[in-house]
Amino acid sequence: MVALIGILALQGDFARHRSKFDELGVATRNVRYPADLDGLSALVIPGGESTVLSKQLDAAGLRAALEDFARTRPVMGTCAGLIMMARDAGDSKVSPLGLMDMTVRRNGWGRQVHSFETHIEGRLNGAPTSLPAIFIRAPRIVEYGPAVNILAEHEGEPVLVSEGRHLAMVFHPELTPDIQVHEYFLKSLAA
Amino acid sequence: MSAETGSFQVKIGLAEMLKGGVIMDVTTVEQSRIAEDAGAVAVMALERIPADIRQDGGVARMSNPEMIKSIQAAVSIPVMAKCRIGHFVEAQILEALEVDFIDESEVLTPADDANHIYKRNFKVPFVCGCRNLGEALRRIGEGAAMIRTKGEAGSGNIVEAVRHMRTVTSEIRQLTVMPPEQLMAEAKRLGAPYALVEQVAKTGKLPVPNFSAGGIATPADAALMMQLGAETVFVGSGIFKSDDPAERAKAIVGAATYYDDAAKLAELSVGLKSAMAGLEMSEIPAGERLQERGW
């Protein structure tokens, strides 16, 4: 089956994710209505503001549809997307989807003046991998369950994690020229 | 590996995260909470909204730091604040307060009638207004990480925002079909850095996100600017000068997401009370047009 990747397009940098999949020759579709989920192989929840994503999911009637989708198909989230995938967002202003067993703290590294770019070391497909990573008012993963795999760390903290078919990261691979994370996500679909 | 803060990529990164959203002007803690609850992607903390600045007259300056701090404490979304054109010390103070974005804004009284701030010296990203491509590229040359078309702030009239967005997009389009030997003359005509002109000619878009401001009062206004190419909208006086700020704010947030879906826009516009009254452009004397500030 040819992959068709949905990108949640309620708010945020969804266009940057689309460009990544364009580069990899994979078809994408913006998702703003429940019917947009039909026939997708996987879904990406982009970066943006998690308070806005949380409200817009409800306004769009997408919450239940997404929860259902995630039971059988992979979801990848970056930054606000990771917050939405967590079990607990640590904030009453955000109602996450609970796709991964972790608790996060919004803006865990501080305000924008503390946002940063760096290289992180991790393991993808069993091989050591170096990734350029941009952290924008990024969340921190403060607690996680035994089913969560740490794929990369920054200063000893998990920043790229997976659980079952789902993948999430606190940084933004879509803002860098690097395509390893998107490639890795596609590979996991084929497996 | 060491981490680098304040790089251009990191600055643009935040602008990318604000796309498809609505940035709302707020003057009190209560308004900032209404904005966040309605789904604002960020708030602009200022002492007076543009419509009141226009009415009150006098010199408009950076907001009181105490007021900015109280809004930072009240909301979890990014907090922006304005400094006067060229007033780099106001900008230094805003950076020390850790606001998330600085708007070097024509809405405040300019502090320098020839120069804008050299924005590369700051770790905080800047947004600046423009009326045309030359102005946009001059600001990006100085280090702005986001551009917003100016419109006419506090007017409640969308006509200037439309004019500025159409001007920028048509000037970009012209560059993309120009033979390379004409680009230098065009850079001279636009008053824009040559390297940026070359880049825009190649990519067909601004090197930073392009948002829209000045005169947006309804969900339809927001959607109009998005269909014309804005990636996010700023709403200033349009929300808190209306009769129904919370409902209107929510409807405009929806309009930013479903800007190309007329049925949805109709649904979002139902039940709203009166929008702000607004001003015909001819009612604003030439010397009082805020958009003419900036060089």
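The values are calculated or read from the model by the stated rules, or taken from the named source; none is laboratory data. Computed from a predicted structure; not experimentally measured. Backbone-built Cβ (ideal geometry, glycine too); neighbour counts: all protein chains shown. With ligands, DNA and RNA removed, areas are computed over all heavy atoms of the protein, side chains included. Shrake-Rupley method; radii C 1.70, N 1.55, O 1.52, S 1.80 Å.
Go through (1) open to solvent by less than 60 Å² (accessible area, probe 1.4 Å); (2) more than 8 Å from chain B (Cβ to nearest Cβ) for A:Gly25 and report which single condition fails.
A:Gly25 satisfies every listed condition except (1).
Hey, which of the helices (runs of 4 or more DSSP H) in region B:234-280, taking only ones fully inside, have at least 2 residues that are in contact with a Ser or Thr (Cβ under 8 Å, 6 or more places away or on another chain)?
On the way: elements: B:237-240, B:245-257, B:262-269.
Qualifying helices (runs of 4 or more DSSP H): B:237-240, B:245-257.
Go over the candidates A:Arg111, A:Arg73, A:Arg106 one by one and state the one that is charged (D, E, K, R), surrounded by 16 or more Cβ atoms within 10 Å (Cβ to Cβ) and more than 11 Å from chain B (Cβ to nearest Cβ).
Details: A:Arg111 fails: more than 11 Å from chain B (Cβ to nearest Cβ); A:Arg106 fails: more than 11 Å from chain B (Cβ to nearest Cβ).
The unique qualifying residue is A:Arg73.
Which one is nearest to the other protein chains (Cβ to nearest Cβ), of the residues in region A:116-144 that are open to solvent by 10 Å² or more (accessible area, probe 1.4 Å) and of a type in the set (Gly, Ala, Ser)?
A:Ser130
So in region B:85-111, with the set limited to residues that are within 12 Å of another protein chain (Cβ to nearest Cβ) and open to solvent by less than 40 Å² (accessible area, probe 1.4 Å), which one is farthest from the chain's Cα centre (by Cα)?
Selected residue: B:Leu97.
Please indicate, with yes or no, whether at least one residue in region B:215-224 is assigned to a helix (DSSP H, G or I) and at pLDDT below 95. Talk me through it step by step, then tell me what you get.
Taking region B:215-224 and keeping what is assigned to a helix (DSSP H, G or I), we get B:219-224.
When the remaining residues are screened for being at pLDDT below 95, the result is none.
No - not one qualifying residue is present in region B:215-224.
Among the residues of region A:76-99, count how many are away from chain B (no Cβ under 14 Å) and touching a Phe, Trp or Tyr at 6+ places or on another chain (Cβ under 8 Å).
1
In region A:1-19, what residues are buried (at least 16 other Cβ atoms within 10 Å of the Cβ) and within 13 Å of another protein chain (Cβ to nearest Cβ)?
A:Ile7, A:Leu8, A:Ala9, A:Leu10, A:Gln11, A:Gly12, A:Asp13, A:Phe14, A:Ala15, A:Arg16, A:His17, A:Arg18, listed by residue number.
Do we have B:Ile284 as touching a helix residue (DSSP H, G or I) at 6+ places or on another chain (Cβ under 6 Å), among the β-branched types (Val, Ile, Thr) and under 29 Å from B:Cys130 (Cβ atoms) here? Walk me through it before giving the result.
On the way: touching a helix residue (DSSP H, G or I) at 6+ places or on another chain (Cβ under 6 Å): no; among the β-branched types (Val, Ile, Thr): yes; under 29 Å from B:Cys130 (Cβ atoms): yes.
Here the answer is no, as B:Ile284 does not meet what is asked.
If I ask for residues that are open to solvent by 40 Å² or more (accessible area, probe 1.4 Å) and farther than 14 Å from A:Ser41 by Cα, which ones from region A:164-177 would you list?
Let us first name the residues in region A:164-177 that are open to solvent by 40 Å² or more (accessible area, probe 1.4 Å), namely A:164-165, A:177.
Hits for region A:164-177 are A:Gly164, A:Pro177.
Is it the case that A:Leu43 is outside any helix (DSSP H, G or I) and within 25 Å of B:Glu16 (Cα to Cα)? Steps first, please.
Numbers: outside any helix (DSSP H, G or I): yes; within 25 Å of B:Glu16 (Cα to Cα): yes.
It is true that A:Leu43 is outside any helix (DSSP H, G or I) and within 25 Å of B:Glu16 (Cα to Cα).
Could you tell me whether any residue of region B:44-54 is within 12 Å of chain A (Cβ to nearest Cβ) and surrounded by fewer than 21 Cβ atoms within 10 Å (Cβ to Cβ)?
No: region B:44-54 contains no residue that is within 12 Å of chain A (Cβ to nearest Cβ) and surrounded by fewer than 21 Cβ atoms within 10 Å (Cβ to Cβ).
Return the only residue of B:Val10, B:Val22, B:Val26, B:Val41 being more than 14 Å from chain A (Cβ to nearest Cβ), of a type in the set (A, V, I, L, M, F, W, C) and buried (at least 18 other Cβ atoms within 10 Å of the Cβ).
On the way: B:Val10 fails: more than 14 Å from chain A (Cβ to nearest Cβ); B:Val22 fails: more than 14 Å from chain A (Cβ to nearest Cβ); B:Val41 fails: more than 14 Å from chain A (Cβ to nearest Cβ).
Every option except B:Val26 fails the conditions.
Please specify each residue of region B:207-254 satisfying the condition of being more than 15 Å from B:Lys19 (Cβ to Cβ), open to solvent by less than 10 Å² (accessible area, probe 1.4 Å) and of a type in the set (Val, Ile, Thr).
Within region B:207-254, B:Ile216, B:Val235, B:Ile239, B:Ile252 meet the criteria.
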